[in-house]
Amino acid sequence: MDSIVSLARNDQEIQSCFDVMAALRPHLKREEFVSRIRRQQEGSGYELAYLAAGTVKAVAGFRISECLAWGKFLYVDDLVTGSSYRSEGYGGILFDWLVDYARTADCDEFHLDSGVQRFDAHRFYLRKRMAIEAHHFGLKLK
């Protein structure tokens, strides 16, 4: 499998991730995608990584931060493999790349949240030796 993980640095690379990301975040609009990514990059250090093997197969949005609970950590906001490429190993390659990136950045921990309905994703994370450590609560304000 000849695949490369890269960080999306220019608008064309960011836009090339839209179709895969939209499978996880269907509310996103193609015409707003680049500007939303750019705002997150500027505001919170968000990074967009993508695995390409001819075309974009998997995408991850993440950021490095620090807090009292976890120390320095890499938090994965978004992690998705294109629906027609699932179970081909692309998600595992991207996940492992993210863990290596966190280690290289001297992070103490690696975290993500996953919707309660995403059973296939949960099995994947458990196979990757992640532990279910908390319930995440949210309150919609708008």
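Return the tail of the calculated pair distribution for the chain, meaning the percent of Cα-Cα pairs more than 21 Å apart. Numbers along the way, then the final one.
Working: 4343 of 10011 pairs.
Here the tail beyond 21 Å accounts for 43 percent of pairs.
Report the residue, chosen from SER65, SER35, SER84, that carries the largest GNM mean-square fluctuation when the chain is represented by alpha-carbon nodes joined by springs under 10 Å.
Of SER65, SER35, SER84, the most mobile in the Gaussian network model is SER84.
Using Cα springs under 10 Å in a Gaussian network model of the chain, which residue among PHE124, PHE62, PHE73 shows the largest mean-square fluctuation?
PHE124
To make sure I understand, if each residue's beta carbon is the centre and we count other beta carbons within 10 Å, what order do GLU47, GLU32, GLU109 fall in, fewest to most? Could the numbers behind the result be given before it?
Details: GLU47 20, GLU32 11, GLU109 14.
Going from least to most buried by this count: GLU32, GLU109, GLU47.
Compare the peptides 131-138, 54-61, 5-12 by average per-residue count of other Cβ atoms within 10 angstrom and give them in order, highest first. Walk me through the numbers on the way to the answer.
Details: 131-138: 7.2, 54-61: 21.0, 5-12: 13.1.
Descending mean neighbour count gives 54-61, 5-12, 131-138.
Tell me, what ³J(HN,Hα) does each residue in the range 98-111 have, in order and in whole Hz, if you take phi through Karplus 6.51 cos²θ - 1.76 cosθ + 1.60 with θ = phi - 60° and put x for Gly and Pro?
Here the 3J(HN,Hα) series is 4, 4, 4, 4, 4, 5, 4, 7, 6, 6, 7, 9, 9, 9 Hz.
Whole-Hz ³J(HN,Hα) for each residue in the range 77-91, computed from phi via Karplus 6.51 cos²θ - 1.76 cosθ + 1.60 with θ = phi - 60°, x for glycine and proline: what do you get?
Running phi through 6.51 cos²θ - 1.76 cosθ + 1.60 with θ = phi - 60° gives 7, 9, 8, 8, 10, x, 4, 7, 10, 5, 6, 10, x, 5, x Hz.
GNM on the chain, C-alpha springs below 10 Å: top fluctuator among CYS67, CYS107, CYS17?
CYS67
In deg cm²/dmol, rounded to 500, what helix-only [θ] at 222 nm does the chain give when every DSSP H run of at least 4 residues adds -39500 (n - 2.57) and the total is split over its residues? Don't skip to the end; give the middle numbers.
Working: 5 runs with 52 residues, N = 142.
Mean residue ellipticity, 222 nm, calculated: -11000 deg cm²/dmol.
Label points 7 Å out from Cα along the Cβ direction at GLN40 and ALA53: separation in nm?
2.5
Estimate the FRET efficiency between THR104 and SER3 by the formula 1/(1 + (r/R0)^6), using the beta-carbon distance for r and 22 Å for R0, to the nearest 0.05. Numbers along the way, then the final one.
Working: r = 19 Å, r/R0 = 0.87.
Efficiency, from the Cβ-Cβ distance: 0.70.
Values in this text are rule-based calculations from the coordinates and carry no lab data. Bear in mind the structure is a predicted one, so any value in this text is a computation, not a measurement. Here the Cβ is made from the backbone with ideal geometry for all residues, glycine too, and neighbour counts use every protein chain on show.
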